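J.: Take this structure first; my questions come after.
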Amino acid sequence: MASDNADLQRIADQEYQYGFVTDIDSDQIPPGLNEETVRHISAKKNEPDWMLDFRLKAFRRFSEMLEEQADPTWAMVDYPKINYQDIIYYSAPKTEAVLESLDEVDPELLRTYDKLGISLAEQKRLSGVKVAVDAVFDSVSVATTFKSELESKGIIFCSFSEAVQEHPDLIKKYLGSVVPYSDNFFACLNSAVFSDGSFAYIPKGVKCPMELSTYFRINSAGTGQFERTLLVADEGASVSYLEGCTAPMRDENQLHAAVVELVALDDAEIKYSTVQNWYPGDKNGVGGIYNFVTKRGACRGRRSKISWTQVETGSAITWKYPSCLLQGDESIGEFYSVAMTNNRQQADTGTKMIHIGKNTRSTIISKGISAGQGQQSYRGLVKVGRKAEGARNYSQCDSLLLGDQCGAHTFPYLEIENQASTVEHEATTSKISEDQLFYCQQRGLSEEDSISMIVNGFCKEVLRELPMEFAVEAQNLLSVSLEGSVG
Amino acid sequence: MLEIKNLFAQVDDKEILSGIDLNIGAGEVHAIMGPNGSGKSTLSNVLAGRAGYEVTGGSVTFEGKNLLDMDPEIRAREGIFLAFQYPAEIPGVSNDYFLKASLNAVRSHRGESELDAMDFLEISREKMKQVEMPDDLMSRAINEGFSGGEKKRNEVLQMLLLEPKMCVLDETDSGLDIDALRVVAEGVNALRNESRSMLVITHYQRLLEYIVPDKVHVLSGGRIVRTGGSELALELEEKGYGWIEAST
Ligand SMILES: Nc1ncnc2c1ncn2[C@@H]1O[C@H](COP(=O)(O)OP(=O)(O)O)[C@@H](O)[C@H]1O
Ligand SMILES: [Mg+2]
C-alpha cells in the first residue's frame, strides 16, 4: 500500500502553536561561563554564602568534566558540540521592585501566559478545578498563584529563589540530597548556574487541596534555561504536581538543563506529571530545544510512593530518565511515559528504579511513538539491591511506528543482587495497522482523526494517569504533534 | 441506489474482480453467495474504498455520484456502511467514544447537529437492547477481547446507529450460533425499509432464511455467474458450489 507512508507523514507534521516571542525588556548578563558568571547570578539573587558555595563547588566540578570528556556520549542522540561559552546564563524580564501581588505583574507577561492557555488569575478553571501556578519566564519566576490559600494549610509553594531566602533550612537540608551536584554533566552545570524554579513543601499529614504546577517558558534568544525544582512531602503528606513548558520558534538550538528532586517521607505520596512541549525544531531539524534533564525522586520513608507521568512531544532532543530511589521498605515507584518523535526529533528517555528497601515495588509503562525520521530509545534500569527482599518490578515498553523512516529502540538494563525478587519485562513494536485505520475511516472518521484516535488509544494506560484536565490537554497535544505525518 | 458496471479490480497486481455488473435499487436487498476466494470481500472492500484495492476498469455510481472518486470516510458519511467480516480491534479506544465520534462525523456531514454525551447515551442504549448487547461492551476497547458473536453484534449496532443508506454485510453470519444469528438478523431486518438498500454477502443459505433477499447472485472467479430469486440460495445449498462452477 504505497500511499500509506506518505499518508501517515501528513499527520505528524505540526504547526507549533506556541512559537511566538514576547517583546519585553530584559535584564541579561553577557554570554559566557566562568566563575564570575556564577557569582553574578548568585549576586543578582542576593543569595546567602552557603548557596553561592554550592554553586561554586558545582562549577569547579563542571569545569573538570568539561576538560575530561564534555557531554555524555552513551545516549542514542546526535547533535553538534555545544559551546558552553556562547550561552546566556541569566535573562529576566525587567521589573521595578519585588511584586506584592499578581496585579503588579507586567500585563505583557500576563498576556503571554494567557496565549499559552495558562491562567495566572486566581480563579477556578472552567473544569472547576483549582490549580496553583508558578510561572517561570526565562531565568525567573514571575508569579505564583494561590499562595495564601496554601499557606493556611502550612503548605509552602513558591519560586526557588524565594525559598532560598525564606526557607533556608529546608533548602539546605534537601537541595542536592537526591541529585548530588556532581551527579552527571548536565546536573552539574545546572547546580552551578540554575536561575529559578519551584519549591514546595507539604507538611506532615497534609493532603494538598489543589494541583500545584509550574509553567516554564523560554523567551529570550541565546539563553539557556536551568531551573531547579524541589518538592518535599513530609510524613503522610500527598501532592500532585504538574509542569508544562513551551518556547518560541528559533533557528538556533537552545539548551534546557533542569534538575528536579523529590523527597517522600513515611507514607507520603508525590505524583509528578509533565507535559513537555518545548519547540521541537522545524521539519528539517533546524532549531529546537535540547532538553537534557535530571529528575529523581527518593522514596525515603516506609510505604512512600512517587509516581512520574510524562508526555513528551516537544524538543529537538530529549535526554531524561525520571527515576526513583526506593529506600523505604514497601515504598512504590512508578513511571508512565508517552514520548513522541516526529520529523528529525530525537529522544532517549526512560527511567531508573533502584530497589533498596524490602518489598519495594515499581511499575514502568513506556509508550513510544515515532513518525517522520524521528528516532527514539527507551533506556531503563531496574536495580534490585542486596537487601531488597521481595522487590517486584513490572516493565512494559511499547513502540508504535508511523511510516518506515523512523526508528524505535529498547535498552532494558537489569541488575539483580537479590534473588528473592521478581522482575518482569515486556516489549512490543508495532505499526499502525491498516485494518484499524480503514475501520475508523469506514465509520466516517477522517484519516487524521483516525490516527489520532488510534495513537491516543495506544497511550491510554499512561494518559489515564494524568490529572483529569491535563489529560485532555495531552490528548490534544498528541493530535497536534501528529498533524501532517499523513500525506 | 448503487450501480456497478463492468468492474475490474486488482490486489497486489493480481486481478480479483473481472467484470462485475450489479444494480441495486432503493429498498432492495441483494445477496451475494460464492465459494471462498471468489472475491466477495474484495468487492465489499472496493465499494468501501480500502487502500490497496485498485480499480482497473468499470464504474460504480452511488445515488448518481461517482463513488470511486470519494475517500473512504466520505463514502461512509454519504451512507455506505460495511459490516466487516473481521472487525478490527483498537486497544485503548472505548467503544462508546468511537461510536459517538463516528455518529457525529456522519451527522455533521448530513447537516445535523452533533449529539452530546447524554443524547448519545440515550440513543445507544435503545439500539443496544435491539441487538441484546451487554452494557459493559460499550465501555470496553473496540472489539478487543470480544467474542466472534460480540464483534458481529457490534457491527450491527453501529449500523443501527448510523442508519446508512446502503448496508454491505460481509459474512456477518459466519461463526454465529443460532441465537446470535437470530439477533443479528432481526437487527438487520429492523433497518429494512423502502429507501434503504442492502448487499448481504454470505457463504451459507442459512442467513437468507432470516433475511429474505429480493435477488441472489452467485460470484465465482471474480464474476457474477448466475442471478435469481431467493430460491437460488436453496438450490445452491442443495447442489453445492461445484454445480455452478461445473455449469459455467
Ligand atoms: N490483501 C490481499 N492481498 C493479496 N491477495 C488478496 C488480498 N485480499 C484478497 N486476496 C485474494 O483475492 C482472492 C479473493 O479473496 P476474497 O475477496 O477475500 O474472497 P472471499 O471473500 O470471497 O472469500 C483470494 O484469492 C485472496 O487470496
Ligand atoms: Mg470474505
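The values are calculated or read from the model by the stated rules, or taken from the named source; none is laboratory data. For clarity, every value in this text was computed on a predicted model and none was experimentally measured. Neighbour counts are summed over all protein chains in view; Cβ atoms, including those assigned to glycine, are modelled from backbone coordinates with ideal geometry. Note: accessible area is taken over every heavy atom of the protein model, side chains too, but ligands, DNA and RNA are not part of it. Shrake-Rupley method; radii C 1.70, N 1.55, O 1.52, S 1.80 Å.
J.: With every protein chain present, what accessible area does A:Trp308 have (1.4 Å probe, heavy atoms only), rounded to the nearest 10 Å²?
T.: Approximately 10 Å² of A:Trp308 is accessible to the 1.4 Å probe.
J.: Below 8 Å, C-alpha to C-alpha, sequence gap of six or more: please give me the relative contact order for the stretch A:290-346 in percent. Provide the component values of the computation, followed by the final result.
T.: On the way: 121 pairs, mean separation 25.3, N = 57.
Averaging sequence separation for qualifying contacts and normalising by length gives 44 percent for the stretch A:290-346.
J.: Quick one: compute a quarter of the convex hull surface over the Cα atoms of the stretch A:325-469 and quote it in nm².
T.: Values: hull surface 38.7 nm².
Taking the Cα atoms of the stretch A:325-469, their convex hull projects to 9.7 nm² on average.
J.: Restricted to Cα positions, what overall size does the stretch A:300-377 have along the principal axes? Three whole-Å values, descending.
T.: 45, 15, 14
J.: Let me ask something additional. Using Cα atoms only, what is the angle between the long axis of helix B:95-109 and the major principal axis of chain B, expressed in degrees (0 to 90) to the nearest 10?
T.: Approximately 70 degrees, to the nearest 10.
J.: Starting from a Cα-only point model with no solvent, please compute log10 I(q)/I(0) by Debye for the stretch B:110-194 at q = 0.16, 0.20 1/Å.
T.: The computed values of log10 I(q)/I(0) come out as -0.65, -0.99.
J.: Using a 1.4 angstrom probe, figure out how much accessible area the protein assembly as shown has per residue, in square angstrom, rounded to the nearest whole.
T.: Values: 28680 Å² over 735 residues.
Accessible surface, normalised per residue, equals 39 Å².
J.: Let me ask another. Using only the Cα atoms, work out Rg/Rh for the stretch A:171-231, with Rh taken as the Kirkwood radius, to two decimals. Walk me through the intermediate numbers first.
T.: Working: Rg = 14.0 Å, Rh = 13.6 Å.
Rounded to two decimals, Rg/Rh equals 1.03.
J.: Then there's this: Quick one: grab Rg to one decimal and Dmax as a whole number for the protein assembly as shown, Cα atoms only, in Å.
T.: Computed over the Cα atoms of the protein assembly as shown, radius of gyration and Dmax are 30.5, 101 Å.
J.: Then there's this: Work out from phi, with θ = phi - 60° and the Karplus expression 6.51 cos²θ - 1.76 cosθ + 1.60, the ³J(HN,Hα) of each residue of the stretch A:149-164, listed in order in whole Hz, and give x for Gly and Pro.
T.: 4, 5, 4, 4, 9, x, 7, 9, 9, 7, 5, 4, 4, 5, 4, 4
J.: Which entries in B:Lys14/B:Lys152; B:Lys14/B:Lys215; A:Lys295/A:Lys367; A:Lys57/A:Lys320; B:Lys127/B:Lys215 show an alpha-carbon gap greater than 21 Å?
T.: Numbers: B:Lys14/B:Lys152 30 Å; B:Lys14/B:Lys215 29 Å; A:Lys295/A:Lys367 19 Å; A:Lys57/A:Lys320 24 Å; B:Lys127/B:Lys215 28 Å.
Listed pairs above 21 Å: B:Lys14/B:Lys152; B:Lys14/B:Lys215; A:Lys57/A:Lys320; B:Lys127/B:Lys215.
J.: Now, a different point. At A:Asn83 and A:Ala427, where each label point lies 7 Å from the Cα along Cα→Cβ, what is the point-to-point distance in nanometres?
T.: Using points 7 Å along Cα→Cβ, the separation is 3.9 nm.
J.: Is the shape of the stretch B:66-144 rounded, prolate or oblate, going by the alpha carbon gyration tensor and its root eigenvalues a ≥ b ≥ c, with a/c under 1.5 for rounded and a/b larger than b/c for prolate? Intermediate results must be reported in sequence, preceding the final value.
T.: Values: a/c = 1.96, a/b = 1.33, b/c = 1.48.
Oblate shape, in that a/c is at least 1.5 and b/c is the bigger or equal ratio.
J.: Right, another one. Please turn the phi angles of the stretch A:373-386 into ³J(HN,Hα) values with the Karplus equation 6.51 cos²θ - 1.76 cosθ + 1.60 (θ = phi - 60°), one per residue in order, whole Hz, x for glycine and proline.
T.: Here the 3J(HN,Hα) series is 9, x, 10, 8, 10, 9, 10, x, 10, 10, 10, 10, x, 4 Hz.
J.: Quick one: Debye curve from the C-alpha atoms of chain B, no solvent, what's log10 I(q)/I(0) at q = 0.08, 0.14 Å⁻¹?
T.: Once normalised to I(0) and log-transformed, intensities are -0.30, -0.94.
J.: What is the packing order of peptides A:334-341, B:41-48, B:192-199, taking the mean over residues of other C-beta atoms within 10 Å and listing the highest first?
T.: Values: A:334-341: 26.9, B:41-48: 23.1, B:192-199: 16.6.
Peptide ranking by packing, descending: A:334-341, B:41-48, B:192-199.
J.: Just need the relative contact order of the stretch A:151-280 here, percent rounded to a whole number, with Cα pairs under 8 Å and 6+ apart.
T.: Numbers: 256 pairs, mean separation 35.0, N = 130.
Over the stretch A:151-280, the number comes to 27 percent.
J.: Taking chain B as the reference, fit the longest principal axis to its C-alpha atoms, fit the long axis of helix B:117-130 to the helix C-alpha atoms, and give the angle between the two in degrees, 0 to 90, nearest 10.
T.: Approximately 50 degrees, to the nearest 10.
J.: Also, I was wondering about something else. Could you tell me what percent of the accessible area of the protein assembly as shown is made up of carbon and sulfur, with a 1.4 Å probe and every protein chain present? Spell out each step's value before the answer.
T.: Numbers: 13190 of 28680 Å².
C and S fraction of accessible area: 46 percent.
J.: Classify the stretch B:1-92 from the C-alpha gyration tensor, please: rounded if a/c falls under 1.5, else prolate or oblate depending on whether a/b exceeds b/c. If you can, show how the numbers build up before the last one.
T.: Working: a/c = 1.29, a/b = 1.07, b/c = 1.21.
Because its axes are fairly even, with a/c under 1.5, the stretch B:1-92 counts as rounded.
J.: Kindly compute the accessible surface that chains A and B hide from a 1.4 Å probe when together, both sides summed, and give it to the nearest 100 Å². All intermediate terms of the calculation are to be shown ahead of the outcome.
T.: Values: alone 19430 and 11420 Å², together 28680 Å².
Protein heavy atoms only, the A-B interface buries about 2200 Å².
J.: Rounded, prolate or oblate: pick one for the stretch A:263-308, where a ≥ b ≥ c are the square roots of the eigenvalues of its C-alpha gyration tensor, a/c under 1.5 means rounded, and failing that, prolate if a/b is larger than b/c, else oblate. Spell out each step's value before the answer.
T.: Details: a/c = 6.86, a/b = 3.73, b/c = 1.84.
Prolate.
J.: Then there's this: In terms of modelled amide H atoms, which long-range or inter-chain residues lie less than 5 Å from the amide H of A:Asn393?
T.: Sorted by chain and number, the residues that satisfy this are A:Ser362, A:Thr422, A:Val423, A:Glu424.
J.: Helix B:178-191 against the longest principal axis of chain B: what's the angle in degrees, Cα atoms only, rounded to the nearest 10?
T.: Compared with the principal axis, the helix lies near 80 degrees.
J.: Looking only at the stretch B:86-100, which residues have a backbone nitrogen under 17 Å from a spot 7 Å from the Cα of B:Asp116 in the C-beta direction?
T.: B:100
J.: Let's test this: bin the Cα-Cα distances of the stretch B:120-247 at 10 Å from zero up to the farthest pair and state each bin's percent.
T.: P(r) for the stretch B:120-247, in whole percents per bin: 11, 40, 31, 14, 4, 0.
J.: Using the basic label-point model (7 angstrom from Cα toward the beta carbon), what is the B:Ile123 to A:Asp49 distance in nanometres?
T.: Going from the B:Ile123 label point to the A:Asp49 one covers 7.5 nm.
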